[in-house]
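All remarks here apply to the structure that follows.
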Amino acid sequence: MDSSSNLNFPFTISCTPTKLNPQFCPQKPTFLTFMKYPSSFLTISSIPTKPNPQSCSKNPIFFTSIRCSRNIRHGLSSVSCLIMEEAPLDERLSVVDKVRSLSLEFRSLSEPIDRVKRLLHYASILPPLCESARVQENRVLGCTTQVWLEVRMNSRGSMNFSVDSDSEITKGFCSCLMWVFDGAEPEEILSVTAEDLGDMNVGLPKKGRSRVNTWHNVLFSMQNRTKDCVQERKRALSLEDLHSLVIRPHEHVGGPSANGSYLESEPKCSFEVK
Amino acid sequence: MITTTTPMEGAMLKLPCLRSVSRNTNFTNRSSNSFPWSYRRLHISASASASASAPLVEGPKLGPGSLGHITRSDFPILHQEINGLKLVYLDNAATSQKPRAVIEALQNYYEAYNSNVHRGIHYLSAKATDEYESARQKVANFIHAAEAKEIIFTRNATEAINLVAYSWGLSNLKPGDEIITTIAEHHSAIVPWQIVAQKTGAVLRFVNLTEDEVPDVGQLRDSLSSSTKLLVMHHVSNMLASVLPMDEVISWAHDVGAKVLVDACQSVPHMVVDVKNLDTDFLVGSSHKMCGPTGVGFLYGKSEILSGMPPFLGGGEMIADVYLDHSTYAEPPSRFEAGTPAIGEAIGLGAAIDYISEIGMQQIHDYEMELGNYLYDRLSSVSDVRIYGPAPSRTVKRAALCSFNVKDIHPTDIATFLDQQHGVAIRSGHHCAQPLHRHLGINASARASLHFYNTKDDVDKFIDALKDTINFFTSFK
Ligand SMILES: Cc1ncc(COP(=O)(O)O)c(C=O)c1O
């Protein structure tokens, strides 16, 4: 059963730049297609300012398309982006398009505080992860904040992610990554590099892998677990009589050392086969 | 409650002789015109009341002409803007900044006499060897070691701890032996001992915190027994800011025949540390935390213990003779310095020691105590802030750092905003002390840590920035 089919309401994205980015919000508003599921074309406008605890779902709902309109928030003139479009399938943004538009969006925010505000906003619309999914084995390693990531491959072979963090800024990054990757094909996901998303940084340099660059770690984790899912799917498809499969975290040959184990990625990936 | 016993440098307090330290002409002029005298007056009046340490509001040492104001100009990196705002650097427990004297020593080495040590008979090599060995002597003098050969240069404190673990630990510990440490250690003082315990069958035991959030030395004393072979302990906590009475602790350990390794990473840069008085067997420190370059640290070990230890790494420099089937090892310290060391960096560390010794470690300590108390007072007055570690009082002294959390705001969000919006650099995360964080029931904390080149203005800017940060995040809820 495709786990995405029980989705029923869209989320909106409300962005709050202090300046209008000419590319981002031209006179005639552009529609950024923040969408996850090709089937959810018809959407209504709902502007949650806070994550809805009820919506804690294995299948997080994501954005459809947005349009910008002015409003005032936190004492700054801002732009709120309202969902309202019918987005035909062929207008759906590819991962590459999304990466490009995200880069454009963050590049247009030259003031650090605006970038932080934007991230906080994106954080606020990321559906929270169930308590039961906030477990050690879903942790993304190497972060100064806690990040939990669930990765699933659906029956069509595309990827679904759920992610959450105890830090709001980190959650904002995660929210952006979700928008880019959720529902995408593995090849698309694996083609993105940290440099492609470098404009999303708040403060950190574009280049180089840093232990504290949370979204790098989340990105790598999403990609590593996607790879694991692809591998497992290949293996599973070559087996008959397979219903459902859950990959456990790697068990390493040679056993742990000093009561430690080698954790490069923490692949917990499940996928469904009809 | 723990009373701290800080070794004193001597009754006479040295006056800062910054002229010879600073090569900044502007600054030299200024200091020769006004600062030394005003500083001397301030300092002497302050020293009379230095022992009375009820939480301080604004002590006389903190005003214009303070040690921080005087020395700031020696640190080129501090005079820059971050996001259009003046940098306020409060991440000194992670690493310190480098005075011009250290940068110049490094530059001079690479420009004038870069060469391998102990290997060539040519002029450059001889000069490099002299300077490198002189740096070793400076470290020895600085921590009051009896001889330079008791100092082994390593890459950092972590490597120094690993050296003891792999060399002394693997050859001296057997099943059932106990290594005692605390839950408040830096990971670098925990993980090597986990490895050694697993390899040797020794048992690793951890001392908890008291209610005052200080490692419980009473519990530690009770846990010592004839099975205890090693005590591994920090001198000053990088998270709790607690200062442990190491001289007492070491004597208790020696009473049961145990050896002691002191992690002095957070004490050596900020106070007088005297290995002879402490009578410690091993002590480690990192250059980069004491105004020296990265890439070099040191292990102090009592000569008789070092002589009996096998090498840690094999290679050039650490051997007497090599045959195809075996080698004979050089005497310490060479035995433990396989391969080409970080020569320029060790020389840079020597320059850093010259620089801070010139100011005087007791003065650095006194100033930091006052500034640290000021930080504690101001931070504890911000609502919804919880500071970890002991509260300062007449008997309890804290190091000049505060790890804290603000209710409902992640420390990483705080650190990000402080950096982005205010140019204030603090640390967030678990500060390589996860067991301690777990014990305190938290995953992460923020930490502001001071050094002698920080000023009261830095603390004020930090507090204002923190209040703004809290308001910002609160408005988003
Ligand atoms: C108390 C303590 N011990 C050990 C270390 C490790 O120092 P290094 O990383 O230089 O080896 C640190 C550094 O943060 C520390 O604060």
(message) Return the residues of the stretch B:351-386 that are crowded, with 24+ Cβ neighbours inside 10 Å and small (G, A, S); say none if nothing qualifies.
(response) B:A351, B:A352, B:G372
(message) For a quick check of your reading of the model, give me the residue pairs whose first member lies in the stretch B:307-331 and is assigned by TED's automatic domain parsing to the domain that holds B:Y166, whose second is assigned to a loop (DSSP other than H, G, I, E, B) and of a type in the set (V, I, T), with beta-carbon atoms closer than 9 Å and at least 6 apart or on different chains.
(response) B:G316/B:T340; B:E317/B:V117; B:E317/B:T340
(request) Go through (1) under 18 Å from B:E317 (Cα atoms); (2) open to solvent by 60 Å² or more (accessible area, probe 1.4 Å) one by one and return the number of the condition B:N141 breaks. (result) (1)
(request) Give the stretch B:225-272 a look and list any residue that's surrounded by fewer than 24 Cβ atoms within 10 Å (Cβ to Cβ) and part of a strand (DSSP E or B), or say none. (result) B:T228, B:K229, B:K259, B:V260
(request) Return the only residue of B:V203, B:V164, B:V243 being at negative phi, over 19 Å from the mean Cα position of the chain (by Cα) and not charged (D, E, K, R). (result) B:V203
(request) Just one of (1) open to solvent by 20 Å² or more (accessible area, probe 1.4 Å); (2) of a type outside the set (V, I, T); (3) more than 30 Å from A:I113 (Cα to Cα) trips up B:G389, so point out which. (result) (1)
(request) Please find, within the stretch B:427-443, the residue that is nearest to the ligand (Cβ to nearest atom) out of those that are crowded, with 24+ Cβ neighbours inside 10 Å and among the aliphatic types (A, V, I, L, M). (result) B:A433
(request) Considering only the stretch A:160-178, state which residues are more than 14 Å from chain B (Cβ to nearest Cβ) and either open to solvent by 10 Å² or more (accessible area, probe 1.4 Å) or more than 13 Å from A:V218 (Cα to Cα) (or both). (result) A:N160
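Is at least one residue of the stretch B:155-168 more than 16 Å from the ligand (Cβ to nearest atom) and farther than 30 Å from B:C402 by Cβ? Show your work before the answer.
Here is the first cut: in the stretch B:155-168, the ones more than 16 Å from the ligand (Cβ to nearest atom) are B:167-168.
From what's left, farther than 30 Å from B:C402 by Cβ: B:167-168.
The answer is yes, given that some residue of the stretch B:155-168 is more than 16 Å from the ligand (Cβ to nearest atom) and farther than 30 Å from B:C402 by Cβ.
Looking at the stretch B:420-464, which of its residues are within 14 Å of chain A (Cβ to nearest Cβ) and in a helix (DSSP H, G or I)? Walk me through it before giving the result.
Initial filter on the stretch B:420-464 (within 14 Å of chain A (Cβ to nearest Cβ)): B:420-435, B:437-438, B:441-447.
Correct list: B:Q420, B:Q421, B:H422, B:Q434, B:P435, B:H437, B:R438.
Within the stretch B:214-243, work out how many residues are away from the ligand (no atom under 16 Å from the Cβ) and of a type outside the set (V, I, T). Lay out the reasoning, then the answer.
Within the stretch B:214-243, the first condition is being away from the ligand (no atom under 16 Å from the Cβ), and the residues that meet it are B:216-230.
Add one more test, that the residue is of a type outside the set (V, I, T), and what stays is B:216, B:218-227, B:229-230.
Residues flagged as away from the ligand (no atom under 16 Å from the Cβ) and of a type outside the set (V, I, T) within the stretch B:214-243 amount to 13.
Residue by residue through the stretch A:101-137, note down the ones that are among the acidic types (D, E) and within 14 Å of chain B (Cβ to nearest Cβ).
Of everything in the stretch A:101-137, those that are among the acidic types (D, E) and within 14 Å of chain B (Cβ to nearest Cβ) turn out to be A:E111, A:D114.
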(message) Just to be sure I understand the filter: pairs with C-beta atoms under 9 Å, separated by 6 or more residues or on different chains, first member in the stretch B:390-409 and within 14 Å of chain A (Cβ to nearest Cβ), second member surrounded by 21 or more Cβ atoms within 10 Å (Cβ to Cβ) and among the acidic types (D, E). Which pairs pass?
(response) B:I409/A:E168
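The values are calculated or read from the model by the stated rules, or taken from the named source; none is laboratory data. None of these values were measured; they are calculated from a predicted model. Note: ideal-geometry Cβ built from the backbone for every residue, glycine included; neighbour counts use all protein chains shown. In case anyone asks, the SASA skips ligands and DNA or RNA and just uses the protein heavy atoms, side chains included. Shrake-Rupley method; radii C 1.70, N 1.55, O 1.52, S 1.80 Å.
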